[in-house]
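Visitor: Below you will find the structure I want to go over with you.
The values are calculated or read from the model by the stated rules, or taken from the named source; none is laboratory data. These numbers were taken from a predicted model, which means no experiment stands behind them. A quick note on method: Cβ atoms are made from the backbone with ideal geometry, for glycine too, and the neighbour counts reach across all protein chains shown. Just the protein is used for accessible areas: all its heavy atoms, side chains included, with ligands, DNA and RNA removed. Shrake-Rupley method; radii C 1.70, N 1.55, O 1.52, S 1.80 Å.
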Amino acid sequence: EPIYFGKNILISNLIDTLNSRLDVLLGGILLNHVGIGLYSLAKDINLRISSIINPIVTQTTLPVMAMLQNNPLALQSLYYRTLQLTSSISIPIYGIVFLHGHDIITLLFGENWLAMLPLLKILSLWGMLNAIGNPIGNLLIAKGETLLAVKWNIGLAFFTIIMVAIGASFNVFQL
């Protein structure tokens, strides 16, 4: 069983790593160099937010969730508190980026980069959704549901492909 658990964690992490770069890979195929450059920069801004908040929560809650795996009520309570914590921090920050993206881009990069504003707003909305969905990975691992974690990440990969294809078909990225 430990090999099965570890194998699925490895596969899930590999798929997760692919997912984190899949949009840029597909964008590189579908977009011109200006579009993918602006998209990559907007994505980087959003990833910096999650890279500050998510690791702290992930590294502290996973061991506690694992200890509570045989106590469903306590695990559920911790999961909801984790979800509340990540959401209450991340969603307002992404909301500020969404509402004040123009000012943020101008301040950080100058007015020449304002073409990325629509992408920054779309990715801010994605960041809000990700803040809500992120704790599910810890819950699945803590419960030993590593195969479900693999399936979750495969589903996210298909979702990413579909969203990039839709964005490209509506010229969201062609700036």
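Visitor: Given an 8 Å cut-off on Cα distances and at least 6 residues of separation, report the relative contact order of the chain as a percent. Before the final figure, lay out each step's value.
Guide: On the way: 165 pairs, mean separation 70.3, N = 175.
Once divided by the residue count of the chain, the mean separation gives 40 percent.
Visitor: Over every pair of different alpha-carbon atoms in the chain, take the mean of 1/r and invert it; report that Kirkwood radius in Å.
Guide: With all distinct Cα pairs of the chain included, I get 17.5 Å.
Visitor: Among 94, 33, 4, whose Cα sits farthest toward the positive end of the charge dipole of the chain (+1 at Cβ of Lys/Arg, -1 at Cβ of Asp/Glu, about the Cα centre)?
Guide: Most positive-ward Cα: 4.
Visitor: Return the single residue from 138, 54, 153 with maximal mean-square fluctuation; model: Gaussian network over the chain, springs between Cα atoms under 10 Å.
Guide: 54
Visitor: Specify the inter-centroid distance of the stretch 1-44 and the stretch 60-139, based on alpha-carbon positions, in whole Å.
Guide: Cα centres, the stretch 1-44 to the stretch 60-139: 18 Å.
Visitor: Determine, for the chain, the count of lysine pairs separated by eight or more sequence positions (or lying on different chains) whose alpha-carbon distance falls under 24 Å.
Guide: Lysine pair count for the chain: 4.
Visitor: Moving on. Considering amide H positions built from the backbone, and no H for Pro or chain starts, which residues 5 or more places from residue 145, or on another chain, come under 5 Å of its amide H?
Guide: Correct list: empty.
Visitor: Roll a 1.4 angstrom probe over the protein heavy atoms and tell me the percent of accessible area of the stretch 1-145 that is carbon or sulfur.
Guide: 68 percent
Visitor: If you don't mind, there's one more thing I want to ask. For the chain, what is the accessible area per residue in Å², given a 1.4 Å probe and the full set of protein chains?
Guide: 59 Å²
Visitor: In whole Å and largest first, what semi-axes does the C-alpha gyration tensor of the stretch 1-79 yield when each eigenvalue is scaled by 5 and square-rooted?
Guide: Each semi-axis is the square root of five times an eigenvalue, giving 34, 18, 9 Å.
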